[in-house]
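Here the structure comes first, spelled out in structure tokens, and everything after it is commentary.
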Amino acid sequence: MVAQLSKGERQLSVIVLLALALAGLAMAVAGRADPLGVHGIIVILFSAALIFVVLAQFNAPEPSPERLKDYYDDPSKVGIVLSMFWAVIGMALGVWVAALLAWPDLTIDAAWASFGRLRPAHTSAVIFGFGGNALIATSYHVMQRTSRARLPGQFSPWFVLIGYNLFCVVAAAGYFMGVTQSKEYAEPEWYADIWLTIVWIAYFVLYIRTLARRKEPHIYVANWYYLAFILVVAMLHIVNNLAVPVSLGHAKSYSAFSGVQDAMTQWWYGHNAVAFFLTAGFLGMMYYYLPKRAGRPIFSYRLSIISFWGITFMYMWAGSHHLHYTALPQWVQTLGMTFSLVLLVPSWASAGNALATLNGAWHKVRDDATLRFMMAAAVFYGLTTFEGSFLAIRPVNSLSHYTDWTIGHVHAGALGWVALITFGSIYAVVPWLWRRQAMYSARLVEWHFWLALSGTVIYVFAMWNSGIIQGLMWRTYNESGTLTYSFIESMVAMHPYYIARAFGGLLFLLGAIIGTYNVLMTITGHSKAVEEVGEDMPHRAGAAISAEPAE
Amino acid sequence: MDVGDRDPVTGQLTTGHEWNGITELYTPVPRIVFFFLFVTILFSIVYWVLMPAWPLGWTYTKGILGFDQKAVVQSQLAEAGAEQSAWTSRIDGMDYAAIQADPELMKIVHEAGATLFGDNCAVCHGTGGTGGKGFPDLTAGAWLWGGEPEAIAETLRVGINAPHEETRVSQMLSFGRDGILVRDQIDDVVGYVQSLGPSAAAAHDEEALARGAEVFAGNCAACHGEDAKGNRDLGAPNLTDASWIYGGDRQSITSTVYSGHQGLMPSWEQRLTPTQRKILTLYVLGLSGETQ
Ligand code: HEM
């Protein structure tokens, strides 16, 4: 892979990695009495390892300029493998925390292994590690195909992918050391945030530059979604993480916001992270891989447009539904609730557009587990958004809030929608990227599908039950006007559901492990190779892709 | 917009664009989408008119229902308080014996007490109040500070070894670690303590026992009493009953005498109202069967 970089790009990589190692050194020195120092050492090791990778092939001959006529897929390939790797780690952590909730004594009694540290490690590993890598990898793939343009350079796609993974590693390592700024889904501290900002801006610039080189007159809808994902996440990330570090030698920082403003900023971020990271980006994935795999045209171009703008506009207002019945002024809650209700319409329009696209391809859904993954994802997307709008209604939220119902809702979205669409897309893209006829084993894809589906259903049903029982127990009064149940009684009532959830999660994890195995077998040549793979191979026609000199 | 081919399955035209093989149909937006858009927006507008909704600089539209979440919760609390005061005022005004004699009030004590106990005490004393290692069993009737309602109420109010000005203070010294007793003396006195209990095995080593009794009289009796039946003024437990906080086997007693103990029972004066503490006192008494 390094040999595919031009000599100039190799030099640039080494320089940037050296600069990174220096930054790590500065962190290690300034923060020697602080977890920041450990992070510095991680950064040094990370950059040193990559410097070795580059140096190993540093003197390889200059690659042929012929390659510039083709799409550049190396970063996508690495991103896919990283995504599966994070999936297994993150889901294993998820099963661990689920087991801890069912059997608290399972703890190994070390600070790093406490529930409060494992939980953000789980959420970040699945959302950012698994989801984020899949988004970056597929976005590179999709934007090149739908623009009929090669990525503008070979350095910046690597910078984005690897820089992003460095962020994930720093985040995860931080949680285990107890470093957190206590903002859900934005836990990493200021220096990790600054780094992610740099990476993210590079990502945005890369995307825009590719689009600017496009040979298609129109921008395909998948790209709108990817672009909305990149742009809005940049904005959310920067605003929500505004903070003042205690000193340059400390990991700890204090948020620029306090009190209810802080809560509102956090959930403006939090909900739009759901909307633009976990929804828009994956809708981009769906809009490419689903019609591709089904071999069907998108059901309605106009529906795509109105749902895109509907989602983009409406989501921005909805964050306050996370703060119903709190110190947040009620008028803000009203706006959050009403916009959440209207949001259902474009959400269902997207789900409906995806499902109607399958008209004329239902026999494929039946026979092809890959397409079935995507179909099921669209169904879960519809289900989750319906549930979300329902939960946003204040009186409903007064029952559901703080209960496992929220967790059930999140996982209908995270497992049923995000993970299923990702697995489906990965199974579609892996043979295309590695020029294989098909995945190594179609039966294993089938197994994965059923494990994932049953795991999700078990998980979600368990949490619905547990959440509604909790909600009801917490609001049941005796005749005398005192609470009927103590909190601990509601804990006891949840126990069986927690076991069920851990079991459902385990099935889902097994599926991910099988999927990883299948992907690895496919790419290591255990599946038949082909020269020009079927329908989705890039337009090899030299004219289609301009051969501009790389950065 | 240029129009492309007709899709054979749906009969719709495509838009004429193609991205790496993907095309889009020209299908009009289904009516139902507009219908639901209309319904949800209409609902929102009505809701905005009724409820606090839009910011206007320093103020906001209050909504014609005049609904305000803070006022609502305050009135609900007041209402609930008024409802409860029917019986809380009686519990506040009556003495323990009178409440215990009133089955109607005792029913409330049991209901409310169980929840209060579950939420505040069960973490340490267990859901049934039976305790665990380091946390006394409240059902055994083996009181450290006395089983009278007043004594229990006072324990709840000030706590034991708690950060409260008037806290009850008690300490079992660490005789071994602090070098007050040597190893052999500890062995003897532990053997002696073990011989006191109801299920004590017949003593086999009379001599050791006598030495143990001597150590006890010299070092322990001041707190645990000559007869080892404890001292409720000091919170020193009765060592002759079957009830143990830290365990009655040889090893546990040895470790108690060697390293000592100072159990912490929080003070509840700041956390719970006098009425709640009164309910809990009665509830705890009920646990040990000392209701009557
Ligand atoms: C129409 C779209 C959606 C709406 C209106 C919506 C609404 C909601 C509501 C009301 C909550 C509960 C807040 C609380 O009581 O704490 C929530 C939580 C959450 N939802 Fe959604 N949701 C939507 C779609 C999704 C999707 C598709 C996903 C995942 C891909 C998702 C992931 C989450 C997450 C991660 C939380 C957890 C927040 C927490 O930890 O408290 N949501 N959402």
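Worth a mention:
- Test: residue A:331 is under 20 Å from residue B:45 (Cα atoms) and either facing chain B (nearest Cβ under 9 Å) or away from the ligand (no atom under 14 Å from the Cβ) (or both): yes
- Checking the stated criteria, residue A:225 turns out to be within 16 Å of the ligand (Cβ to nearest atom) and open to solvent by less than 70 Å² (accessible area, probe 1.4 Å).
- Summed over region B:13-38, residues that are more than 7 Å from chain A (Cβ to nearest Cβ) and open to solvent by 60 Å² or more (accessible area, probe 1.4 Å) total 6.
- For region A:462-493, filtering for residues that are more than 14 Å from chain B (Cβ to nearest Cβ) and either of a type outside the set (A, V, I, L, M, F, W, C) or surrounded by fewer than 23 Cβ atoms within 10 Å (Cβ to Cβ) (or both) leaves 9.
- Test for residue B:74: is it more than 9 Å from chain A (Cβ to nearest Cβ), over 30 Å from residue A:309 (Cα atoms), open to solvent by 40 Å² or more (accessible area, probe 1.4 Å) and in contact (Cβ under 8 Å) with a residue 12 or more places away in the chain: no
- Being under 30 Å from residue A:513 (Cβ atoms) and not hydroxyl-bearing (Ser, Thr, Tyr) holds for only one residue in A:14, A:53, and it is A:53.
- Residue match in region A:285-305 (condition: of a type in the set (A, V, I, L, M, F, W, C), away from every other protein chain (no Cβ under 11 Å) and part of a helix (DSSP H, G or I)): yes
- Here residue A:138 passes the criteria (1) open to solvent by less than 10 Å² (accessible area, probe 1.4 Å); (2) at pLDDT below 95; (3) among the polar types (S, T, N, Q) except the one numbered (2).
- Restricting attention to region A:360-398, the residues that are open to solvent by 30 Å² or more (accessible area, probe 1.4 Å), more than 9 Å from the ligand (Cβ to nearest atom) and more than 30 Å from residue A:299 (Cα to Cα) add up to 2.
- Checking every residue in region A:259-282 against the condition of being more than 16 Å from the ligand (Cβ to nearest atom), assigned to a loop (DSSP other than H, G, I, E, B) and at pLDDT below 95 gives zero matches.
- Test: residue in region A:335-347 that is in a helix (DSSP H, G or I), more than 10 Å from the ligand (Cβ to nearest atom) and within 29 Å of residue A:90 (Cβ to Cβ): no
- The condition of being at the interface with chain A (Cβ under 9 Å from one of its Cβ atoms), within 30 Å of residue A:336 (Cα to Cα) and free of Cβ contacts under 8 Å to residues at least 12 places away in the same chain holds for only one of B:107, B:62, that being B:62.
- Verdict on residue A:409 being out of contact with any strand residue (DSSP E or B) (no Cβ under 7 Å at 6 or more places or on another chain), closer than 24 Å to residue A:90 by Cα and within 15 Å of the ligand (Cβ to nearest atom): yes
- Test: residue in region B:131-150 that is free of Cβ contacts under 8 Å to residues at least 60 places away in the same chain and of a type in the set (Gly, Ala, Ser): yes
- Residue in region B:247-260 that is outside any helix (DSSP H, G or I) and under 25 Å from the mean Cα position of the chain (by Cα) present: yes
- Qualifying residue in region A:237-253 (condition: within 15 Å of the ligand (Cβ to nearest atom), closer than 30 Å to residue A:426 by Cβ and within 14 Å of chain B (Cβ to nearest Cβ)): no
- The numbered conditions (1) under 30 Å from residue B:108 (Cα atoms); (2) hydroxyl-bearing (Ser, Thr, Tyr); (3) not assigned by TED's automatic domain parsing to the domain that holds residue B:114 are all true for residue B:283 except (3).
- Region B:77-94 - residue that is open to solvent by 60 Å² or more (accessible area, probe 1.4 Å) and at the interface with chain A (Cβ under 10 Å from one of its Cβ atoms) and, of those, nearest to residue A:394 (Cα to Cα): B:79
- The residues of region B:171-188 that are of a type outside the set (D, E, K, R) and open to solvent by 20 Å² or more (accessible area, probe 1.4 Å), listed by number, are B:171, B:172, B:173, B:179, B:180, B:182, B:185.
- Qualifying positions in region B:203-235 - small (Gly, Ala, Ser), under 27 Å from residue B:167 (Cα atoms) and out of contact with any Ser or Thr (no Cβ under 7 Å at 6 or more places or on another chain): B:221, B:222, B:225, B:230
- For region A:310-328, filtering for residues that are touching a residue at least 24 places away in the same chain (Cβ under 8 Å) and either polar (S, T, N, Q) or more than 11 Å from the ligand (Cβ to nearest atom) (or both) leaves 6.
- Among (1) touching a residue at least 60 places away in the same chain (Cβ under 8 Å); (2) crowded, with 21+ Cβ neighbours inside 10 Å, the one test that residue B:192 misses: (1)
- Residue match in region A:187-200 (condition: within 14 Å of chain B (Cβ to nearest Cβ) and either crowded, with 19+ Cβ neighbours inside 10 Å or basic (Lys, Arg) (or both)): no
- Residue within region A:125-148 that is under 30 Å from residue B:123 (Cα atoms), outside the structural domain of residue A:519 (by TED's automatic domain parsing) and out of contact with any Pro (no Cβ under 7 Å at 6 or more places or on another chain) present: no
The values are calculated or read from the model by the stated rules, or taken from the named source; none is laboratory data. Computed from a predicted structure; not experimentally measured. Don't worry about glycine lacking a Cβ; one is built from the backbone with ideal geometry, like all the others, and counts go over all protein chains shown. Surface areas here come from the heavy atoms of the whole protein model, side chains and all, with no ligands, DNA or RNA. Shrake-Rupley method; radii C 1.70, N 1.55, O 1.52, S 1.80 Å.
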